[in-house]
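Q: Got a structure for you, questions after.
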Amino acid sequence: MHRTCSRNCRTSFTLRTLPILLACLSALTLLSSASTIAVAQPAAADTRYERIAPSPDGIGKRYMGREIAGVMGWEGAQWLERESRAREERPELLLRQLALAPGMTVADIGAGTGYYTWQLAKQVGAGGRVYAVDVQPEMIDMLDSQMAQRGVRNVVSVLGSETSVKLPPASVDLAIMVDVYHELAYPAEVLDSIVGALKPGGRVVFVEYRAEDPAVAIKPLHKMSESQVRREATAHGLKWERSIGSLPIQHAIVFRKP
């Protein structure tokens, strides 16, 4: 009797659970298919980039003919605030050429410790705003500390991502990237997001160490030629406006959103 009951119970249990098992197997199949699609999607989105063997200063990823440079981590933040920087780069010459006005909204992309952020904030005044964007939380913390020490109140720090600056659409008069663009792991996506954040007629300024000048003592992947910058920017619908040639070791190339 006990054996019969045990056998019947097992049979009954199997009959009851069979539909459940089939449903679970079906769900697992769907999940597996979804996972395959999810894995395939980034690969499809990555077709603008070419994978190569990485050079010592690169990430093994090429965009429009150039290898992307490795990013400078927050551990090297002191280099951004070095005493010699003002003499080497002459930031006042760049700021003079930007034609900023009180009340403007500016985005400092890859702001780091805020070396340029507070200077931009002075230019746009209390009625203006500077979005200071960086992808490293440690840099954002240092920037916030710098702004607090300087008493700057018109700066909004933004933690961006590798693919987006995370700014409101059509909110920015001018976006500037100082020695940043060549390190973007996803330059196409970031530039698209910058263009989306610009107001109609808004400007983007690329500031990069001059690759054409061998006397500029910067590693090759951390320099860009003007022709390369123009090639990449115009691929995103930006119109070249002018190039600023007054800086000692950098290009400053200005584009406008139509």
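Q: When only residues in the range 173-201 that are in a strand (DSSP E or B) and open to solvent by less than 10 Å² (accessible area, probe 1.4 Å) count, which is nearest to GLU50 (Cα to Cα)?
A: MET177
Q: Considering only residues that are buried (at least 21 other Cβ atoms within 10 Å of the Cβ) and among the charged types (D, E, K, R), look in the range 204-226 and name the one that is farthest from ILE109 (Cα to Cα).
A: LYS223
Q: Something else now. In the range 202-258, which residues are of a type in the set (D, E, K, R), touching a strand residue (DSSP E or B) at 6+ places or on another chain (Cβ under 9 Å), in contact (Cβ under 8 Å) with a residue 60 or more places away in the chain and assigned to a helix (DSSP H, G or I)?
A: GLU232
Q: Restricting attention to the range 46-75, report how many residues are within 16 Å of the chain's Cα centre (by Cα) and among the aliphatic types (A, V, I, L, M).
A: Summing the residues that are within 16 Å of the chain's Cα centre (by Cα) and among the aliphatic types (A, V, I, L, M) in the range 46-75 gives 5.
Q: So is GLU189 farther than 22 Å from ALA99 by Cα, among the acidic types (Asp, Glu), in contact with a strand residue (DSSP E or B) (Cβ under 8 Å, 6 or more places away or on another chain) and touching a residue at least 24 places away in the same chain (Cβ under 8 Å) or not?
A: no
Q: Which pairs turn up if I take residues in the range 121-144 that are more than 24 Å from ALA185 (Cβ to Cβ) and among the small types (Gly, Ala, Ser) and look for partners that are open to solvent by 20 Å² or more (accessible area, probe 1.4 Å) and part of a strand (DSSP E or B) with beta carbon separation below 6 Å, at least 6 apart in sequence or on another chain?
A: ALA121/VAL155
Q: Which of (1) open to solvent by less than 30 Å² (accessible area, probe 1.4 Å); (2) aliphatic (A, V, I, L, M); (3) within 15 Å of the chain's Cα centre (by Cα) is the odd one out, the single condition LEU238 does not satisfy?
A: Evaluating LEU238 over (1) open to solvent by less than 30 Å² (accessible area, probe 1.4 Å); (2) aliphatic (A, V, I, L, M); (3) within 15 Å of the chain's Cα centre (by Cα) leaves (3) as the failure.
The values are calculated or read from the model by the stated rules, or taken from the named source; none is laboratory data. From a predicted model like this one, the values you see are computed outputs, not experimental measurements. Ideal geometry is used to build each Cβ from the backbone, glycine not excepted, and the neighbour counts take in all protein chains shown. Remember, those area values only see protein heavy atoms, side chains included, never the ligands or the DNA or RNA. Shrake-Rupley method; radii C 1.70, N 1.55, O 1.52, S 1.80 Å.
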